[in-house]
Amino acid sequence: MNIYNINDFNGSAANPPLLAVRDLCKYFPIRSQGLIRRRIGDVKAVDHVSFDLRRNETLGLVGESGCGKSTTVRTILRALDFTSGHAYFDPEGDGRYIDFGELTARELVPLRRAAQMIFQDPFSSLNPRMTVGGIVAEPLVIHGLARGKALEKRVDEILVKVGLRPEYKTRYPHAFSGGQRQRIGIARALVMNPKFVVADEAVSALDVSVQAQVINLLDDLKREMGLSYIFVAHDLGVVRHICDRVAVMYAGRIVELAPTEELFERPLHPYTRLLLGSAPIPDPDRRTLPPNPGEVADAGNLPAGCAFAPRCPHATAACRAERPELRPAGTDHLSACPRMGE
Amino acid sequence: MTFRLFARRPALTYDMLNQRQLTLLKFRKHKLAVAAGFLLAGLYVMAIFSPFFAPYGKYERNLDYIYCPPQKLGFNWEKGLYARGLKRAVDPVTLNSRYVDAPENDAPLGFFVKGKPYRLWGIIPSERHFFGVDPERIPDFRPGDEARYVYFLAGADKFGCDIWSRIVQGSTISLSVGLVGVFLSFLFGVVIGGISGYCGGAVDTAIQRVIEIINSFPQLPMWLALAAAVPSDWGPLETYFAITVTLSLLSWTGLARVVRGKILSLREEDYAVAARLLGASHPRILFRHLLPAFASHIIVTLTLTVPGMILGETSLSFLGLGLRPPVVSWGVMLQDCMNVKAVIDYPWLLAPVLMLVFAVLCFNFLGDGLRDAADPYASK
C-alpha cells in the first residue's frame, strides 16, 4: 500500500483536502452480439473527473439521470473498479493519503471504517432478514470494534443519535416507514465514526416532509461528528439547503464546480443554467419552460467536442471540435465552458 | 419469545415477527400442506421404528398362507376385534389353490401385543408390536399356533410373507433414499450453483452448458447405465449408497439453477453492496446476506426433489438394477409384479404402489404449501 502526500497530487497545502479525485474514469465495455463478444466501444459513464472534498464540507454532485453521479461515488468507494485515475484519501487526518484506486480488496477492508455510504433506496439497502440491531451492529462486528455489552451500548447510542428508539433493535426493517429505514441506513453508516460519507441520493426516495427531517439530521450529524459528505442529488432545492459547494455533472464530466450560492446566483455553464431553469418553481403564476431541453447525451457515443454542444444555444465550431477542460472562472469557481466570459 | 404453530392468536404483533414466523403463519393457512406434513412425519416415525410397527418380521415366512389375500376384519362381543380366518383349499376342478373362510382360524387383534422378539436398530430387544394377533386372547393357545392365527392386512406374497410388514420395513430404505439423495444433491446444487452465480462470466457459462447437457440426457437409460456400473458383488449397504449417488448425480441441476439465478439477482441488491462497502468478506456476504434470502426456496426445491428420488429408487429396483433381494424396499417388492399373471391373480402385490403414491403426493402437497409460504413478503 503506497502512502502519498499532498504534493503527489497537486493539492492545496493551505487547505488539505480529505479526498482528492484526479482524472477518475469508469468505462463500461459495449460488446458485440454473438458467440465471441468483442469489445466494440465504451460507455464513458465517468470520464476524467477531478475534484477535491475539503474537511467538514458537504459537496453536492448534481446532474440529470444517467450523467454518472452515482457511478462516480460508487467507483470512489470501490463498489466498482476504477478504469483509470486516482482517489487520494486521508483516513487518519494526518496528511498521509492512500489511493482508493490501487488498493487490493484486502487493503480496502480497514478503510471501510473511515469511508461509508448511505444508499438511495431505504427498502432494498437493508437486509430484510436481519433485525435493526443486527444491521446497525454489523459494521462493528465485521471490524471487531466492540462486543457484548459495549456493542449493545454503541448501537443504542447511534440509534438515539439518528432519532430512533433503542427498543426498535429487535424489529425487522419491514416494520418501518421509509424515513425511519433511512435513519437505520444512516445509523449503519455512522456507527464506526467515519470521516467521509457518501450520501447517494439519500433523500430522493422519501416524502418531502420526511426529506427535510433527514436532511436536517444529516446536517446536525455532520457538525456533531465532524463528517464530510459527498451529497449526490437531483433535487436542487435540497442541494442548495445542505451543500457548501456544488459540482454539476453532464455526460460523465464535471462541467461546473462552485460554492453553492455562487453557483445558484451566477451560473456560468449553459448546462448549469438549463438545469437551474428546469427546476420547478412553486408559484402558479410563473410558467417557466426550459429554454432548450434537447436530447440527453448518449454516454456510449459522445460527440468529439463539448458533450453539451448539440444542446447548447451558444455553441461554436470550436466547441464542437475540441473538448473543453475545467478552468478557473473567479474565486473558487471552475467552469468548463470556453465561452463563459462572453 | 416463543411462537407456537397452532397458537390461536400470535403472541407478537406483525411488526415484530421475523421471516420464519411469517412463513409459519402463511404455511398454517395451507391446510392440505399441513396435513401432508403431519402424514409424512407419521410415515417417517413408522420407518424409524419399523420393527415395532410391523406385525411380522420382513423375512418371516408362513408357507400355509402363500398368496393369502388381505383378510377382512370382523367384530363381535365374544372375540372383540378379530381378523376373519382363512384356510387354503384346492379347487377340485382346476387344482388351483384358493382361500376359503375358516372361522376356527379367526384371530383376535390387539394393540401393543406380544409377538416375535426383535431388536430395534439391532440394539434394543423387544417383543411388543404396535398391533397384531393377540395370543393372550386365544383360548388354549399353544406354542406353534402363531402360524395358524395370522393377520395379513395387505395379503401375503409367494413365500407367505406379510406384505404390510414388508411395506413398513421397506419404507426405511425407500423413504431414506430420498433424504440422503437430496442431501447429496443439496451439496452439489448449492456449491456448483453458488459458484456459477457468484463468479459469473465464463465460469457461469461453462457450468450452465454442463447443466444443459446433463438435463438433456434421457433420465431412465442414464440411471440404468450408472446403476449397471455398480459391481454385482457389492453388499446391500454399498449398493444402497451407490443408488443414492446415482440419483443425486442427475437431480442437482434444478437446485443449482435456482441458486445461481437467485445469487445473480441478489448479488447486485443494495444490501449486498452495502455489506461489501462495510468490509464484509465474501463468505459473510454469501452466507449471512445472500443465502438466507432464499433458504426457503432451497427447502422448497429440495422437498419437490424427494419424490423424484423415491420414484427413482423404486424404478431402478423394480427393473432389477437397484437394490436386490434380500434387501426389502418398495421397488424390490414390486419385482414380484413383473409377471402379469401374478398381478391379475394376486392384485394385493401392488400394495407398495399405493404407499408410494401416498408418500409422493404428501411430498408434493407439502412442497406446494412451502412454496406458497416461502416468500412471506409477497402480497398474495
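Brief remarks on what is shown
- For region B:181-324: relative contact order, % (alpha-carbon pairs under 8 angstrom, 6 or more apart): 38
- Where labels lie 7 Å past Cα in the beta-carbon direction, separation of B:Val45 and A:Asn15 in nm: 7.7
- Between helix B:31-48 and chain B: long-axis angle, C-alpha atoms, 0 to 90°, nearest 10: 60
- In nm, spacing of pseudo-spin labels at A:Thr331 and A:Arg266 (7 Å Cα→C-beta vector): 0.9
- Scanning chain B for GluC sites (Glu not before Pro) that sit in a DSSP loop and have at most 12 other Cβ atoms within 10 Å, the longest stretch containing none of them is B:79-267.
- Around the Cα centre of region B:61-161, unit charges on the Cβ atoms of Lys, Arg, Asp and Glu (plus for the first two, minus for the last two) sum to a dipole of about 280 debye.
- For A:Lys161, the aspartates and glutamates whose Cα falls under 17 Å of its own Cα, not counting residues fewer than eight places away in the same chain, are A:Glu152, A:Asp219, A:Asp220, A:Glu224.
- Helical content alone sets the calculated 222 nm signal of chain B at -17500 deg cm²/dmol, taking -39,500 (n - 2.57) per DSSP H segment of four or more residues and averaging over every residue.
- Pairs beyond 19 Å (Cα-Cα), from A:Lys149/A:Lys169; B:Lys72/B:Lys341; A:Lys26/A:Lys69: B:Lys72/B:Lys341
- Simple label model, 7 Å out from Cα along Cβ direction - A:Gln213 to A:Phe123, nm: 1.9
- Probe 1.4 Å, accessible area per residue of region B:61-161, Å²: 62
- Chain B: angle of helix B:19-29 to the longest principal axis, Cα-based, in degrees nearest 10: 40
- Bridgeable lysines around B:Lys31 (alpha carbons under 23 Å apart, same-chain partners fewer than 8 residues away excluded): B:Lys380.
- Residues in region A:171-199 that, when all protein chains are in place, have 10 Å² or more less accessible area than the chain alone would give (probe 1.4 Å): A:Arg171, A:Tyr172, A:His174, A:Ala175, A:Arg188
- Shape category assigned to region A:1-160 from the gyration tensor of Cα positions, a/c cut at 1.5: oblate
- Förster radius 60 Å - calculated FRET efficiency between A:Val160 and A:Arg39 (Cβ-Cβ, nearest 0.05): 0.70
- Counting protein heavy atoms only, the protein assembly as shown has 59 percent of its accessible area on carbon and sulfur, 1.4 angstrom probe.
- Relative contact order for chain B, counting Cα pairs under 8 Å that sit 6 or more residues apart, in percent: 20
- FRET E, pair B:Phe287, B:Ala342, Förster distance 51 Å, beta-carbon r, rounded to 0.05: 0.45
- Here is the tail figure for chain A: Cα pairs spaced more than 25 Å apart come to 55 percent of all pairs.
- Pairwise centroid distance, computed over Cα atoms, of region B:170-241 with region A:114-175, Å: 42
- Per residue, the Cα convex hull of region A:1-96 amounts to 127 Å³.
- Prolate/oblate/rounded call for region A:204-331, Cα gyration tensor, a/c under 1.5 rounded: prolate
- For region A:62-171, the set of trypsin sites (Lys or Arg not before Pro) satisfying both a DSSP loop assignment and a count of at most 14 other C-beta atoms within 10 Å is given as A:Arg96, A:Arg147.
- Convex hull volume per residue, computed on the Cα atoms of region B:61-161, equals 116 Å³.
- For chain A, the relative contact order works out to 19 percent when only alpha carbon pairs closer than 8 Å and six or more residues apart are counted.
- Over the protein assembly as shown, the reciprocal of the mean inverse Cα-Cα separation, the Kirkwood hydrodynamic radius, stands at 31.7 Å.
- Value at 222 nm in deg cm²/dmol, rounded to 500, when DSSP H runs of n ≥ 4 in chain A each add -39,500 (n - 2.57): -8500 deg cm²/dmol
- Under 20 Å from B:Lys58, Cα to Cα: lysines that are on another chain or at least 8 residues apart: B:Lys114, B:Lys116, B:Lys158
The values are calculated or read from the model by the stated rules, or taken from the named source; none is laboratory data. Please read these numbers as outputs of a predicted model, since none were measured by experiment. Every residue, glycine among them, receives a Cβ derived from its backbone with ideal geometry; neighbour counts consider all protein chains shown. Please note that ligands, DNA and RNA were not included when accessible areas were found on the heavy atoms of the full protein model with its side chains. Shrake-Rupley method; radii C 1.70, N 1.55, O 1.52, S 1.80 Å.
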